[in-house]
Amino acid sequence: MVQPRATRALRTTALTAATALALSLGLTNATATARSAPPVPSDPYASSVSSFSSSSAAADSARPGDIVKATPTSFHPLPGQPTRTRAWHLEYRSTTAKGAPNVVSGTVIVPDDGRTGPRPLVTYAVGTVGLADTCAPSAGFPKGTTAEANLIQQLTARGWAVAVTDYEGLGTPGDHTYTVGRAEGQAVLDAARAAQRLPGAVAAGVTEDSPVGIMGYSQGGQASAWAAELHGTYAPELKVKGTATGGVPADLLKVADFNNGNVGAGLILMAAVGQDAAFPELDLAKYLNAKGRHYVDFMRKNCVAIDAIAGAFKKISDVTVRNPLYEADWQQRLRESDLGTRRPDAPVFLYHGTLDELIPYAVGKQLRADWCAKGADVRWAAIPLGEHVVGAIAGAVPAADWLAGRFAGKPAHGNCG
């Protein structure tokens with residue numbers, strides 16, 4: 001049966017949007033078949049490799065944010081593009097969603113400008129990159145293939161240091177706990193702690209006195225919003241001045257329902273893999289049919305550009321023998337990642353595109369309402385006619401400008417009223 005022209009055009013447009021999303025929000029490598037550490041460049045300004053004790057005695061006294069290993073690396077927004085920065089690839093201690101200690105990787109980037117006094121530090125959460133280890137932001141920075149590096153460069157150009165988590169399970173053993181909010185938020189906060197404990201960064205002004213900003217969009221919006229909510233209880237010593245967060249999937253069940261059978265359908269299955277990684281008792285495998293098992297195996301080996309296209313317009317019923325999202329245990333775990341249940345203890349800049357085709361605008365508005373109802377200092381910004389990628393790009397500079405105001409000690413001017 002020949003599809004009507006309008007339907008074919010819609011699907012073509014949507015697939016183009018999915019490709020643009022993948023290329024704009026976190027594409028590192030098109031395929032990923034093996035674990036690999038970021039290459040170590042020849043950098044005359046970088047310190048030698050630092051290994052930190054992993055003995056049982058050291059492990060017993062370890063704290064979240066403690067560095068397990070630090071290796072000089074490099075930061076390139078585009079292949080071969082020079083930056084006046086120094087960078088280190090880290091493995092650092094963090095905490096799982098269940099409260100167990102784990103090790104997460106990430107990158108710390110500091111402007112090479114000779115500054116030694118306390119400088120602002122942004123702990124940055126990237127959007128969806130994929131499930132394979134070589135999709136991790138740290139893997140792409142030396143090669144200039146991490147797309148959000150262009151947004152990160154805007155921050156280092158302001159003289160700010162930036163810590164970028166790879167999240168749990170990207171670049172470290174195990175599956176990536178994609179969309180598990182608590183694990184993400186803790187990894188974001190611990191990346192800031194690790195940056196403040198890295199000798200090379202400390203010498204360049206990243207200290208415990210540094211004002212800290214939290215920033216992220218899409219998956220990074222979820223992670224940064226969770227970091228904002230957890231700060232007061234999980235990492236209160238960090239001098240967080242504000243959080244800039246956008247395109248936030250604050251309600252995973254609503255986001256899944258919105259994307260079921262639509263352009264972002266592949267993200268639902270990726271999220272199911274992430275939840276199952278954090279909570280193995282959910283037993284995703286028993287819900288998958290042969291097609292579902294094939295797609296999960298495929299997604300574990302590839303990055304978001306390919307995964308988003310492969311999964312576009314699939315329905316949950318296409319890949320399962322029974323929908324796990326109807327099950328009480330799955331709903332409970334997904335609800336544990338809901339945002340808006342705690343008040344961020346520092347001001348928030350929250351932004352969302354009015355035509356977002358992946359994260360419903362209404363979800364962003366509800367998060368604003370929930371935070372405002374709890375007395376949070378929220379500056380809400382709608383991006384007119386902005387779909388998901390446009391929201392990321394259009395919101396980046398206003399978000400950074402807003403953080404600059406917080407670092408300068410200016411009033412946040414929330415607009416909850």
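Quick notes on this structure:
- Residue-by-residue Karplus 3J(HN,Hα) for segment 212-226, coefficients 6.51, -1.76, 1.60, Hz, glycine and proline x: 10, x, 10, 8, x, 9, 6, 3, x, x, 4, 5, 5, 5, 5
- Three semi-axes describe the equivalent ellipsoid of segment 124-171; taken as square roots of 5 times the Cα gyration tensor eigenvalues and ordered largest first, they are 20, 11, 8 Å.
- With contributions of -39500 (n - 2.57) from each DSSP H run of at least four residues, the per-residue ellipticity at 222 nm computed over the chain stands at -11500 deg cm²/dmol.
- Residues in segment 62-79 carry Karplus couplings, in order, of 5, 10, x, x, 5, 8, 8, 7, 10, 10, x, 9, 9, 10, 10, x, 10, x Hz; the curve used is 6.51 cos²θ - 1.76 cosθ + 1.60 with θ = phi - 60°, and Gly or Pro positions show x.
- The alpha-carbon atoms of segment 298-407, seen along their principal axes, cover 50, 31, 26 angstrom, with the largest extent given first.
- For the options 72, 118, 211, a Gaussian network treatment of the chain with springs between C-alpha atoms closer than 10 Å singles out 118 as fluctuating the most.
- Close amide H partners of residue 86, meaning residues 5 or more places away or on another chain with modelled amide H under 5 Å apart, are 110, 112.
- Around the amide H of residue 68, modelled in the peptide plane, lie the amide H atoms of 91, 92, 93, all under 5 Å away and 5 or more residues distant in sequence or on another chain.
- Here is the size of segment 215-304 from its Cα atoms: Rg then Dmax, 15.9, 49 Å.
- Residues in segment 345-364 that a label on residue 415 would reach, taking backbone N under 15 Å of a point 7 Å out along Cα→Cβ: 348-354
- Contact order for the chain, expressed relative to its length and based on alpha carbon pairs under 8 Å spaced 6+ residues apart, stands at 17 percent.
- Shape call, segment 342-417: gyration tensor on alpha carbons, a/c limit 1.5: oblate
- C-alpha long axis of helix 361-373 to longest principal axis of the chain, angle in °: 50
- Split the chain at each of the GluC sites (Glu not before Pro) in a DSSP loop with at most 15 other beta carbon atoms within 10 Å, and the longest piece is 1-207.
- Equivalent ellipsoid dimensions for segment 173-252 as semi-axes, Å, which come from the Cα gyration tensor, largest first: 23, 14, 11
- Over segment 345-386, the pair-distance histogram of Cα-Cα distances with 10 Å bins from zero comes to 31, 51, 18, 0 percent, rounded to whole numbers.
- Extension gain, residue 61 to residue 281, is 76.2 nm, computed as 0.36 nm per intervening residue step minus the present C-alpha separation.
- With 5 Å bins from 0: P(r) over segment 114-252, alpha-carbon pairs, percent: 2, 11, 21, 23, 21, 14, 5, 1, 0
- Charge dipole of the chain (Cα centre as origin; +1 on each Lys and Arg Cβ, -1 on each Asp and Glu Cβ, all else neutral): 540 debye, rounded to the nearest 20.
- Restricting segment 90-153 to trypsin sites (Lys or Arg not before Pro) in coil, as DSSP defines it, with at most 16 other Cβ within 10 Å: 98, 115
A short reminder: the numbers here are calculations on the coordinates, not readings from a lab. Predicted model, so just to flag it, every value in this text is computed and none were measured. Using ideal geometry, Cβ is built from the backbone for each residue, glycine included, and neighbour counts are taken over all protein chains shown.
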